[in-house]
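**Student:** Submitted below is the structure of interest, expressed as structure tokens.
Rule-based calculations on the coordinates, nothing more; no lab input. Remember, it's a predicted structure, so these values are computed and weren't measured experimentally. Please note: Cβ atoms are built from the backbone with ideal geometry, for glycine as well, and neighbour counts cover all protein chains shown.
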Amino acid sequence: MNQTSPATSLARKPEWLKVRLGRDTVSGQIKSLMEHQSLHTVCESAQCPNRGECWARGTATIMILGDICTRSCGFCAVKTGRPTELDLDEPRRVAESVKSMKLRHVVITSVARDELADGGASVWADTIRAVRANVPGIRIEVLIPDMKGLTRDIDTILDAHPDILNHNVETVPRLHKLVRPQAKYERSLGVLEYAKSRGFVTKSSVMLGLGEESDELAEVLRHLRGIDTDILTLGQYLQPSRNHLPVAQWVSPEQFAHWKEFALGLGFRHVESGPLVRSSYHADENPIGRIS
């Protein structure tokens, strides 16, 4: 799709993407807390452009199962390799941190741990239960890997009763092998469809600017609504380093507004769409809770 203005060079970010990461007391406290508990946030590991804003609000997305991913997605800044250990005390520390941060809505995500027999599902479940026990009434959103599509491992996570099951399709089918070489588009749809079949609120995200065409993006949004996905986020892809996939298009705020209206017209219950939107952006403001 023609998303790049002729006057806008891909070598430089347009004005609407320039974000200043300021320093403030709350941000420093959250970062110190994570370091003290030997935990990771996807905010830093994935170089999220909103981390200054979110930390100032007292929110963060906690990343469990370490900070080394067994997959090598072309868009992601998280380290790739073979993890060397499994930290079984991590759920307790996550729960303590969430309580200290006084959160009402927490987003928990993880690296992919394909080398583990259950993909880390048992640690996922222990973390959800520990947070729930330590912070009664909290809303828990989980952003999970595809767990190789194994329903037994997805069940382990769902049986711990998160409020929202988030799994990102990330891009259009044509670009999937380039963007997510160890994942499958149909498998990702299957994860969302399975969670919905069990009565959970479901959520997914698509990055724009990787070279997708308008009709391809529209098709993905129709696929997601076809399996009754509730929540959608759309954001601009930003290249983390020269070793990652280049940006193919800068998508304007007006175009993001168009896609938000398009998605709402398809029946999504809540849509966040904008250049700096990420999967967990303003997740605490999402009005949709557990329906199961």
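**Student:** Given H placed on each backbone N at 1.01 Å, which residues far from Thr109 in sequence or on other chains put an amide H within less than 5 Å of it?
**Tutor:** Close amide H contacts, sequence-distant or interchain: Ile62, Met63, Ile64, Leu143.
**Student:** Could you pull out every residue, at least 5 positions away or on a different chain, whose amide H is within less than 5 Å of the one on His270? Hs are placed 1.01 Å off N in the peptide plane, and Pro or chain starts have none.
**Tutor:** The answer is Leu232.
**Student:** In angstroms, what radius of gyration and Dmax does the stretch 211-255 have, counting Cα atoms only?
**Tutor:** Reported Rg and Dmax, both Å: 13.0, 37.
**Student:** Also: Using modelled amide H (1.01 Å from N, peptide plane; none on Pro or chain starts), what sits under 5 Å from the amide H of Val201, excluding residues fewer than 5 places away?
**Tutor:** Those lying under 5 Å, H to H, from Val201 are Leu165, Ile291, Ser292.
**Student:** Something else now. Enumerate the calculated ³J(HN,Hα) couplings along the stretch 143-158 in order (Karplus 6.51 cos²θ - 1.76 cosθ + 1.60, θ = phi - 60°), each rounded to whole Hz, writing x wherever the residue is Gly or Pro.
**Tutor:** 10, 9, x, 7, 6, 6, x, 7, 5, 4, 7, 5, 4, 4, 6, 5
**Student:** Once you place label points 7 Å from the Cα toward the Cβ at Glu254 and Glu219, how far apart are they in nm?
**Tutor:** 2.8
**Student:** How many Å³ per residue does the convex hull of the Cα positions in the stretch 71-226 occupy? Could you put the intermediate results ahead of the total?
**Tutor:** Details: hull volume 18.7 nm³, N = 156.
Taking the convex hull of the Cα positions in the stretch 71-226, it is 120 Å³ per residue.
**Student:** Taking only Cα atoms of the stretch 138-292, what ratio of Rg to Rh do you get with Rh as the Kirkwood inverse-distance radius?
**Tutor:** Values: Rg = 14.9 Å, Rh = 15.8 Å.
Reported Rg/Rh (Cα atoms, Kirkwood Rh): 0.95.
**Student:** Across the stretch 96-177, what fraction of all alpha-carbon pairs, as a whole percent, falls in each successive 5 Å bin from zero upward?
**Tutor:** 3, 14, 25, 22, 16, 11, 6, 2, 1
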